[in-house]
Amino acid sequence: MRNVGLILFATLIHRSLNLAKSQDLFEYRTSSATRQTFAAWHSKYPSILPYLTRYLQDHQTTSIANKHSPLFPILIIIRSLRYSDSGSEIQNSLVPVVESLLGSREWQVRKVAAQALASLLSPQEALYCATNWTVSIDSAKGNNEIHGRYMLLSNLLDHGVDWSKVDNLAKKQIEQHLLRALDRHGGSPLLDISSNVIWCINSYLQSTTPMNPDIRDRAATVARQMLFSPVASQRPVQGTQLWASAAYLLKHATSTELLRSILGYSNPSPDAQQLPALWALQGLVDSPDLAKHVDISIFRQIIALARSKSHDNAVRISAMDTLRLANWDSRILEEVDIEDRRAFVNDMSVIVRGTKYVPVREAALPALAWGTVWASFGDTELDCGILARELLKSSHEEQVSIPFVCVHAKARS
């Protein structure tokens, strides 16, 4: 009963603080199959899409420089729909104006324009674009458009191409273009472009089985170079490159040594490497290939990150979340001795009581609940009241007036 109560406390804390990770603002909320078609939406609201088309034609990014841009919400509407053969008229009129926004100087406009354009193209057009990719890059006007087109390719490989109808010849052509992109931009000092090349290859590998298995290893080699090369100083969007590299390696070249290196590596921006590893570990229950590489050394590294005062707050929060969310092997949990478990509980309690930075304190409270449950197994001397006290304090229930309670008790008697 004692342990059941602790688990209920942990669940209550998790729900009350609403600590589930929010979705990326720029990612799709629904799958392509569940979205309305352009034709169906246009039949309900016949004046909206033509108006948006005219607006985009008349208000390109150069005409609204240094002003509030309405392009982002407009593109959100367009990307929320999907292609159908019956909507060709309205879709064809939108394609060129949306495509022109791939070169926008605003990163978020390029991102959502790529998603919107992927929604506007048929599977055949998406495949044609992917199999003629080098021509598309060569025709790009400037680095912004190159970046936008790589984001488009990633979306096409993820959502646009119907892989059940792609033959081996087409796959070989796509792989040749991806390898050429890796050679041209994989190690580029233009970090946002090089990171998107890695994302494109990741999208391809997740969508289909490659004809040339070397593509996986060649991309992993470039990703390792980008991730572990010494950095003299921080550079703009460096985090995106490190993030893409770490995420790719965790997906396609995972090993215990790699996990140790990512979690333990430190340069001027350590959180850029460690966060994707921590977030990946939170999904261990769904990742058997990753779980087999996790041992006690990885677990201890995460414990250390959660307790560390020298790491970035985002790393500490993610480490605390990883401890309570990951589906840890019981043998790993039992390998840590009782004294170390108690020390972790005490450290989380200190953070809850004394840390002024609210997100860290709110992450420490469910971590404290998890740690108390973990430490309570086999420890009959653990003071489990510590969790109840911190929960009451965090909810301000410890401020209830004792005299007020006594007055009501006397009234009932």
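The values are calculated or read from the model by the stated rules, or taken from the named source; none is laboratory data. Model, not experiment: these values are computed from the prediction. Note that we place each Cβ from the backbone using ideal geometry, even for glycine, and neighbour counts take in every protein chain shown. SASA here: full protein model, heavy atoms, side chains in, ligands and nucleic acids out. Shrake-Rupley method; radii C 1.70, N 1.55, O 1.52, S 1.80 Å.
Worth pointing out:
- Matching residues, the range 122-151, being of a type in the set (Phe, Trp, Tyr) and either at pLDDT 95 or above or more than 26 Å from Glu175 (Cβ to Cβ) (or both): Tyr128, Tyr150
- Residues of the range 51-75 that turn out to be at pLDDT 80 or above and under 16 Å from Leu102 (Cβ atoms), as a count: 6
- Going through (1) within 22 Å of Arg79 (Cα to Cα); (2) surrounded by fewer than 17 Cβ atoms within 10 Å (Cβ to Cβ) one by one, Lys165 falls short only on (1).
- Qualifying position, being modelled with pLDDT of 90 or more and either β-branched (Val, Ile, Thr) or open to solvent by 30 Å² or more (accessible area, probe 1.4 Å) (or both), among Ser100, Ser119, Ser88: Ser100
- Qualifying residue in the range 288-297 (condition: open to solvent by 20 Å² or more (accessible area, probe 1.4 Å), in a helix (DSSP H, G or I) and at pLDDT 85 or above): yes
- Candidate set: the range 212-246, residues that are among the β-branched types (Val, Ile, Thr) and open to solvent by 20 Å² or more (accessible area, probe 1.4 Å); chosen: the one modelled with the lowest pLDDT: Val231
- Yes/no for Trp107 being buried (at least 18 other Cβ atoms within 10 Å of the Cβ) and among the aromatic types (Phe, Trp, Tyr): no
- Just one of the listed residues (Ala343, Ala364, Ala369, Ala319) is among the aliphatic types (A, V, I, L, M), in a helix (DSSP H, G or I) and without any contact (Cβ under 8 Å) to a residue 12 or more places away in the chain, and it is Ala343.
- Of the listed requirements (1) more than 29 Å from Gly239 (Cβ to Cβ); (2) modelled with pLDDT under 90; (3) surrounded by fewer than 16 Cβ atoms within 10 Å (Cβ to Cβ), Ser310 misses just one: (1).
- Residue that is surrounded by the fewest Cβ atoms within 10 Å (Cβ to Cβ) [pool: residues in the range 350-367 that are farther than 15 Å from Ser308 by Cβ and within 29 Å of the chain's Cα centre (by Cα)]: Lys356
- Subset of the range 171-188 (residues that are outside any helix (DSSP H, G or I) and without any contact (Cβ under 8 Å) to a residue 24 or more places away in the chain): Ser188
- Residue in the range 191-211 that is in a loop (DSSP other than H, G, I, E, B), open to solvent by 60 Å² or more (accessible area, probe 1.4 Å) and at pLDDT 90 or above present: yes
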